[in-house]
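The values are calculated or read from the model by the stated rules, or taken from the named source; none is laboratory data. Since we're looking at a predicted model, the values are computed, not measured. Counting neighbours? That spans all protein chains shown, and the Cβs are built from the backbone with ideal geometry, glycine included.
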Amino acid sequence: MAPGFVRRFLALLRKEVRQLLRDRSNLAVGLLLPGALILLFGYGLSFDVTDAPIAVVMEDGSPTARDVVAGFSGSRFLSPVPAGSMADAEQRMVRGQVNAIVRVPADFSRQLAAGNARIQLVLNGVDSNTANAVSGYVAGALGVWAQRQADRSGSRQLAGAVTVEQRMWFNEAGNSTWYLVPGLVVLIMTLTGAFLTSMLVAREWERGTLEALFVTPVRPLELVAAKLLPYFVVGAIDLAMCLLAAKFLFHVPIRGSLLVVIGTSLLYLLVSLALGLFISGMTRNQFQASQVALLASFMPAMMLSGFVFDLRNVPVVIQGVSQVLPATHFMGLVKTLFLAGDNWGMVWRTCLILALYAVVLIAATRRTLRKKLD
Amino acid sequence: MRDLVSYLLQIGFLCRKELLALFKEPASRVILIGPALMQALLFGYGATYDLTNVPYAVLDQSRGAAATELLARLDGTGVFHRQATVATPAQIADAIDAGQVLLALNIPPDFEARLASGRPAPLQVILDGRNSTTAGLAAAYVGSVVGAYNATRVGIVSPVSLETRAWFNPNLESRWNLMPALIAALSMLQTLLLAALSVAREREQGTFDQLLVTPLTPMQILVGKALPAIFVGLLQSTIIFLIIRFWFQVPLHGSVWLLYLGLFTFTGAAVGIGLSISALALNMQQAMLYAFLLIMPLMLLSGLLTPVRNMPEVLQIATYANPLRFGMEIVRRVYLEGAGFRDVAHNFLPLLGVAAVTLPLAAWLFRHRLA
């Protein structure tokens, strides 16, 4: 390598590192925000419904009726609250105090003797996820009760029926933290790139310091490399934080080999940093750069990468859009590496795609830095 | 009287200048309007928890009529699509590992025989738990198909039947829950950033000092800076609202006026946070980074993706400082539930509280934080 290259690169690098370290806001976003996000994701976000409040309206006070709803209190998913009347229960639902109403009608025990008793379940459908879960739990509790009744009466209720034996691979307990935390790795790598590097070149354009650099022997590629390296180190520290928290704080398994997880994450980090730098070089304006970075990299990574919304359920066009995002490819890989283990076909394919993105983005950024004035 | 008119006129001039600065440049114009439109469409289609396509694999070791009928019922739902018919358990593992299928059914060799002899016949369902929420939904779906099959096959009817009805969202479509929330969330993202950059940009370019030596009082500067940002926020909300109402056809149950009153208060609180950041920051880079530092937790702790009720107690208390949580709640409840002012009045208090702290703070900082 030419000595000139090394000397110029080191000089630029020193300037970038100083600039990074002097401004506290950089370090706040680079290190503090990921730390806060790790805690929020691990402890704050959960799709697992527990203790959902439901109003229970007992219009039939018979022991049988009470026995039916007794099953709800035993469930850790439901937390029944007695309500005096349907009107009272509806009021609570409108106020948002309960997620659902279970109503045992006045003729319940009479109808039960005839074999067609009904229980009414009214759900607040606004939060459809919780509604679905509550409906499942209530049906489950009723099923258990019916089963017990059948056992008591001695009839062979399940004679010749199909029973479902469910087995959840990779996440046996069905704990949503297990897939949220690997997704967090993707989000944090995305955020480091989008937020930290997207202002770098735009700022120099706005202040005119880039034009000053044009009269020096500095080449565009040296500039790109010097701007990427310090933030790459910040991103690597974030990655270490994520992995340590996943392992020791949240006890999410890392079933793939650690080296592969680290290697692919660093590759994605490079793509993400290069994307931020490219946005910065293209917009040449800090206001626009920050808005574009937020909209083009961070929001899609959160909403369209398969982080929480399963891409199998979205229309083909949206699937196409999501495939354009580097985050989607990395999201699939990182979840697999954490929960399923090394899947070499997937590792190589994703690495190839990410490497391609990195090369294209760096080349594109380099072009935006050509020594040309408008 | 004349004083008041000139006071208001001065604010008007500043507002006009701010709006010109925002909308004069074509690129900025696109950035303020395009993304709201694009994101509403993309996320409207993309952000869904509803199962529409569950690819599955079958290992049918019994090859009997019962298994065939059960599978036919599964296919008949329109949601389950048989992706592979495999011959060995190892192939199930391959199909799941590769993400080719979400679940696999393993029908044991004695399935038919057990059913015929009146014994329970286990059907093994293996799920890809890499997204345990989707997997759980799919498992529940399989369970209900199997239940219906049992009921017709053996003629067992459970002595108790559950009649389920869902208010406000009869088909339990997750889009209905998510999209109204986006009216508040998407516009907040850009508005907060816009407000955060507004003063910082003038500081960086040196024009803020000029603004401070004009006869404008800090209060006037504050209002002149806040109103255009609120206007942009409401503009974005309106775009998203129109898409949800007319493109995705989610019916509006409440009053439009109440919806906008809620959005105005909410956007005001968000702009207050943005302007405080802006007044604190020394340059645009700092303003942007501090804004992001706040935006992320605000989004995550708002109930946008996961319900607030599922959070630990401490975080639930922390959400009281989060305008997005209450703005979203107002929009969701007014939009979907048709809630009236009295139903949502308590949600206005935290919003007004945040605005009452951050807006004066920003005005004070304008003069007291000079680099």
Exercise. Given the structure, is B:Leu32 assigned to a helix (DSSP H, G or I) and within 9 Å of another protein chain (Cβ to nearest Cβ)?
Worked result: yes
For this session: Could you please give the count of residues in segment B:93-120 that are within 9 Å of chain A (Cβ to nearest Cβ) and not hydrophobic (A, V, I, L, M, F, W, C)?
Result: 8
Problem set entry | Flag for A:Leu267 being buried (at least 22 other Cβ atoms within 10 Å of the Cβ), assigned to a helix (DSSP H, G or I) and either modelled with pLDDT of 90 or more or among the β-branched types (Val, Ile, Thr) (or both) | no
Exercise. Condition test on B:Leu123, is it in contact with a Lys or Arg (Cβ under 9 Å, 6 or more places away or on another chain), within 7 Å of chain A (Cβ to nearest Cβ) and among the aliphatic types (A, V, I, L, M)?
Worked result: no
Exercise. Does A:Phe309 count as crowded, with 23+ Cβ neighbours inside 10 Å and more than 11 Å from every other protein chain (Cβ to nearest Cβ)?
Worked result: no
Exercise. What number of residues within segment A:73-112 are touching a residue at least 40 places away in the same chain (Cβ under 8 Å) and of a type in the set (S, T, N, Q)?
Worked result: 4
Problem set entry | Residue that is part of a helix (DSSP H, G or I), in contact with a helix residue (DSSP H, G or I) (Cβ under 9 Å, 6 or more places away or on another chain) and either outside the structural domain of A:Leu32 (by TED's automatic domain parsing) or among the β-branched types (Val, Ile, Thr) (or both), where the choices are A:Trp205, A:Trp145 | A:Trp145
Problem set entry | So A:Met241, is it under 23 Å from A:Thr328 (Cα atoms) and surrounded by 24 or more Cβ atoms within 10 Å (Cβ to Cβ) | no
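Of the residues that sit in segment A:161-181 and are among the polar types (S, T, N, Q) and in contact (Cβ under 8 Å) with a residue 40 or more places away in the chain, which one is nearest to the other protein chains (Cβ to nearest Cβ)?
A:Asn171
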For this session: Could you figure out which of (1) under 28 Å from B:Leu162 (Cα atoms); (2) modelled with pLDDT under 90 isn't true of A:Arg103?
Result: (2)
For this session: Count, please, the residues in segment A:80-95 that happen to be of a type outside the set (Asp, Glu), surrounded by fewer than 19 Cβ atoms within 10 Å (Cβ to Cβ) and within 11 Å of chain B (Cβ to nearest Cβ).
Result: 3
For this session: Kindly indicate whether B:Glu18 is closer than 30 Å to B:Trp247 by Cβ and surrounded by 14 or more Cβ atoms within 10 Å (Cβ to Cβ).
Result: no
For this session: Kindly list the number of the only condition in (1) more than 30 Å from B:Met288 (Cβ to Cβ); (2) within 7 Å of another protein chain (Cβ to nearest Cβ); (3) modelled with pLDDT of 85 or more; (4) out of contact with any Ser or Thr (no Cβ under 7 Å at 6 or more places or on another chain) that fails for B:Trp167.
Result: (3)
Seminar exercise, completed: Flagged in segment B:208-251 as closer than 30 Å to B:Tyr45 by Cα and not in a helix (DSSP H, G or I), in numbering order, are B:Phe248, B:Gln249, B:Val250, B:Pro251
Seminar exercise, completed: Looking across segment A:191-224 at residues that are within 30 Å of the chain's Cα centre (by Cα) and small (Gly, Ala, Ser), the single one that is surrounded by the most Cβ atoms within 10 Å (Cβ to Cβ) is A:Ser198
Problem set entry | Test for B:Met311: is it modelled with pLDDT under 90, closer than 24 Å to A:Gln288 by Cβ, crowded, with 20+ Cβ neighbours inside 10 Å and assigned by TED's automatic domain parsing to the domain that holds B:Leu32 | no
Exercise. When only residues in segment B:46-74 that are acidic (Asp, Glu) and surrounded by 14 or more Cβ atoms within 10 Å (Cβ to Cβ) count, which is nearest to the other protein chains (Cβ to nearest Cβ)?
Worked result: B:Asp50
For this session: Just name the residue that is nearest to the chain's Cα centre (by Cα) out of those in segment A:250-292 that are over 29 Å from A:Gly44 (Cα atoms) and of a type in the set (Val, Ile, Thr).
Result: A:Ile279
For this session: Of all residues in segment A:113-142, count the ones that are without any contact (Cβ under 8 Å) to a residue 40 or more places away in the chain, β-branched (Val, Ile, Thr) and in a helix (DSSP H, G or I).
Result: 0
Exercise. Which one of the conditions (1) farther than 22 Å from B:Thr133 by Cβ; (2) surrounded by fewer than 20 Cβ atoms within 10 Å (Cβ to Cβ) does A:Phe250 fail to meet, given that it meets all the rest?
Worked result: (1)
For this session: Kindly indicate whether A:Phe170 is over 30 Å from A:Gly71 (Cα atoms), at pLDDT below 85 and outside the structural domain of A:Ser290 (by TED's automatic domain parsing).
Result: yes
Exercise. Can you tell me how many residues in segment A:100-123 are more than 7 Å from chain B (Cβ to nearest Cβ) and under 37 Å from the mean Cα position of the chain (by Cα)?
Worked result: 4
For this session: Hand me the list of helices (runs of 4 or more DSSP H) wholly inside segment A:1-66 holding 3 or more residues that are outside the structural domain of A:Ser109 (by TED's automatic domain parsing) and more than 28 Å from the chain's Cα centre (by Cα).
Result: A:3-22
For this session: Being among the aliphatic types (A, V, I, L, M) and surrounded by 15 or more Cβ atoms within 10 Å (Cβ to Cβ) is the filter; apply it to segment B:236-258 and report the residue that is nearest to B:Gly327 (Cα to Cα).
Result: B:Leu258
Exercise. Within 9 Å of chain A (Cβ to nearest Cβ), in a helix (DSSP H, G or I) and either at pLDDT below 90 or within 20 Å of the chain's Cα centre (by Cα) (or both): does that describe B:Leu189?
Worked result: yes
Exercise. So B:Leu212 fits all but one of (1) over 36 Å from the mean Cα position of the chain (by Cα); (2) without any contact (Cβ under 8 Å) to a residue 40 or more places away in the chain; (3) farther than 30 Å from A:Ala65 by Cβ; what number is the exception?
Worked result: (2)
For this session: Being of a type outside the set (Ser, Thr, Tyr) and more than 10 Å from chain B (Cβ to nearest Cβ) narrows it down to one of A:Ile279, A:Ile318, so name that one.
Result: A:Ile279
For this session: Have a look at B:Tyr335, B:Tyr290 and point out the one that is touching a residue at least 60 places away in the same chain (Cβ under 8 Å), surrounded by 20 or more Cβ atoms within 10 Å (Cβ to Cβ) and over 20 Å from the mean Cα position of the chain (by Cα).
Result: B:Tyr290
